[in-house]
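> Quick one: this structure, given as structure tokens, is what I'll be asking you about.
The values are calculated or read from the model by the stated rules, or taken from the named source; none is laboratory data. These figures come from a predicted structure and were not determined experimentally. Glycine also receives a Cβ, built like all others from the backbone with ideal geometry; neighbour counts cover every protein chain displayed. For the accessible areas, the whole protein counts, side chains as well, though only heavy atoms, and no ligand, DNA or RNA atoms are used. Shrake-Rupley method; radii C 1.70, N 1.55, O 1.52, S 1.80 Å.
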Amino acid sequence: MTAEPRLDTASRLDEAQRLAWLRLIRSENIGPSTFRDLINHFGTAQAALEGLPDLSRRGGKGNLRICSEREAEDELSAHRSAGARVIAMDDPDYPPHLRHIDGPPPLLSLRGSGETLSNPQTLAIVGARNASLSGRKLAATIARELSGNGYVIASGLARGIDAAAHEAALAGGTVAVFAGGIDHLYPPEHGPLLKAILDAGGTAISEMPFGWKPRGRDFPRRNRLISGLSLGVVVIEAAKASGSLHTARFALEQNREIFAVPGSPLDARSEGANRLIQQGAALITCSQDILDALSGRSEPTLPFGSGFSEPGGAAPEEPSDKIRQRILTALGPTPVEVDDLIRDLGEPPRTVHVILLELELAGRLERHRGQKVSLVY
């Protein structure tokens, strides 16, 4: 069996490996973090697929659904028919900063220009869907001027601020991040805008399966990609419980810059942005404020490592029931950091990780932001 390349090399997946990666990420109870742990444990996606039934059984679930070769081939074919493709973390088109977030998607669906997507000089602009006229005008002005200075503008293709930013940045390239599959545009009336983005050399991306209809819970997941592929996030008009604030929180965790435009305290759409400024976000009123803050920078200070590593030495023996019980006793409904769990138990990290994999594949473990886990009751 051919080993898959480590992602800190210049090598790329062949078609068989890409198919195995797609099967693995589309299998039941496997998200980006679990995918990474499985590759690190087994060495390759194919080996992980072969080991899934046993891991799941040991965790207490005997009928884990594994994506078949036919299903994965059909999804790749659907991408091609829609003028899209699937890229992996080691592909040159993959956004360079996105590799360094907590749980980066191993695969992305892509339509349009990979060159735009891979530009490290990317900034996100997000804000209210029901934005004011002045907010939309300011978003357009800032996006146009940043684009003219070599920055790619990323956003979520939503109504209001997002749409204004995308439209103004067409000439310099813009990235639209989907919450659903790459074939499910939301909102649907933005079809002409999406066409304009792609025709101008921009890009649309998604981490969700082809054909996936976006749900409410999928938008925060999308927002972490918007901030993750960017040097920083510009917030223009955001209510106190808005998705734009979710994007800003992800940006903070990912060590990205956060810029916020102040607004009237009488306007609920400005409450979130004003609060961000109170909490330390950079107050900006024009694009020059952002250009000055980012002068000479081409990448953020990246808090998470990139790439996968193949396991060293022989694979560990199956953990004993005693160790499993110790881990179950230590876990509960309150999320804890995996590193804290390892230190508290005094067990080898690989042993703890494999038991966590067993529990997650069985649907008994939930992963949280900040590399935390909790039991599912």
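> Pairs, please: C-beta under 8 Å, at least 6 apart or cross-chain, first residue more than 16 Å from residue 246 (Cβ to Cβ) and in region 261-276, second among the β-branched types (Val, Ile, Thr)?
Once the first residue is more than 16 Å from residue 246 (Cβ to Cβ) and sits in region 261-276, its partners that are among the β-branched types (Val, Ile, Thr) give 261/234; 261/235; 261/236; 261/284; 261/285; 262/277; 262/285.
> Quick check on residue 237: is it farther than 29 Å from residue 23 by Cα and surrounded by fewer than 20 Cβ atoms within 10 Å (Cβ to Cβ)?
Taking the combined requirement at face value, the residue does not satisfy it.
> Out of all the residues in region 65-75, is one or more within 30 Å of residue 271 (Cβ to Cβ) and open to solvent by 10 Å² or more (accessible area, probe 1.4 Å)?
Checked region 65-75: no residue is within 30 Å of residue 271 (Cβ to Cβ) and open to solvent by 10 Å² or more (accessible area, probe 1.4 Å).
> Still on this structure, I have one more. Mind checking which residues of region 180-204 are in contact (Cβ under 8 Å) with a residue 40 or more places away in the chain, among the hydrophobic types (A, V, I, L, M, F, W, C) and open to solvent by 10 Å² or more (accessible area, probe 1.4 Å)?
198
> If you don't mind, there's one more thing I want to ask. Could you look through region 320-336, keep only residues that are touching a residue at least 40 places away in the same chain (Cβ under 8 Å) and not in a helix (DSSP H, G or I), and pick out the one that is nearest to residue 54 (Cα to Cα)?
Looking at residues that are touching a residue at least 40 places away in the same chain (Cβ under 8 Å) and not in a helix (DSSP H, G or I), I get 331.
> Please specify each residue of region 337-348 satisfying the condition of being in contact (Cβ under 8 Å) with a residue 24 or more places away in the chain and surrounded by 16 or more Cβ atoms within 10 Å (Cβ to Cβ).
338, 341, 347, listed by residue number.
> Also: Select from region 365-377 the residues that are open to solvent by less than 60 Å² (accessible area, probe 1.4 Å) and closer than 21 Å to residue 51 by Cα and list them in ascending order.
Answer for region 365-377, where residues must be open to solvent by less than 60 Å² (accessible area, probe 1.4 Å) and closer than 21 Å to residue 51 by Cα: just 365.
> May I pose another question? Select from region 102-158 the residues that are open to solvent by less than 10 Å² (accessible area, probe 1.4 Å), in a helix (DSSP H, G or I) and not hydrophobic (A, V, I, L, M, F, W, C) and write down the one among them that is farthest from residue 199 (Cα to Cα).
The qualifying residue farthest from residue 199 (Cα to Cα) is 135.
> Quick check on this structure: which one of 282, 362 is surrounded by 11 or more Cβ atoms within 10 Å (Cβ to Cβ) and at pLDDT 95 or above?
Residue meeting the stated conditions: 282.
> Under the condition of being among the polar types (S, T, N, Q) and farther than 16 Å from residue 40 by Cα, which residue from region 312-359 is modelled with the lowest pLDDT?
The residue in question is 320.
> With the structure loaded, tell me whether residue 275 is over 30 Å from residue 41 (Cα atoms) and at pLDDT below 85 or whether it fails that test.
No.
> Suppose the filter is under 22 Å from residue 175 (Cα atoms), in contact (Cβ under 8 Å) with a residue 40 or more places away in the chain and basic (Lys, Arg); does residue 249 pass it?
no
> Just to confirm my filter: which helices (runs of 4 or more DSSP H) fall fully inside region 198-301 and include at least 1 residues that are among the aromatic types (Phe, Trp, Tyr) and under 30 Å from residue 106 (Cβ atoms)?
218-228, 243-253
> Please determine whether any residue of region 210-226 is buried (at least 21 other Cβ atoms within 10 Å of the Cβ), closer than 22 Å to residue 181 by Cβ and over 15 Å from the mean Cα position of the chain (by Cα).
Within region 210-226, one or more residues are buried (at least 21 other Cβ atoms within 10 Å of the Cβ), closer than 22 Å to residue 181 by Cβ and over 15 Å from the mean Cα position of the chain (by Cα).
> Residues in region 159-174 that are within 18 Å of residue 236 (Cα to Cα) and either out of contact with any strand residue (DSSP E or B) (no Cβ under 8 Å at 6 or more places or on another chain) or surrounded by 22 or more Cβ atoms within 10 Å (Cβ to Cβ) (or both): how many?
The total comes to 11.
> So which residues in region 238-280 are charged (D, E, K, R) and within 12 Å of residue 135 (Cβ to Cβ)?
Passing the criteria: 267, 269.
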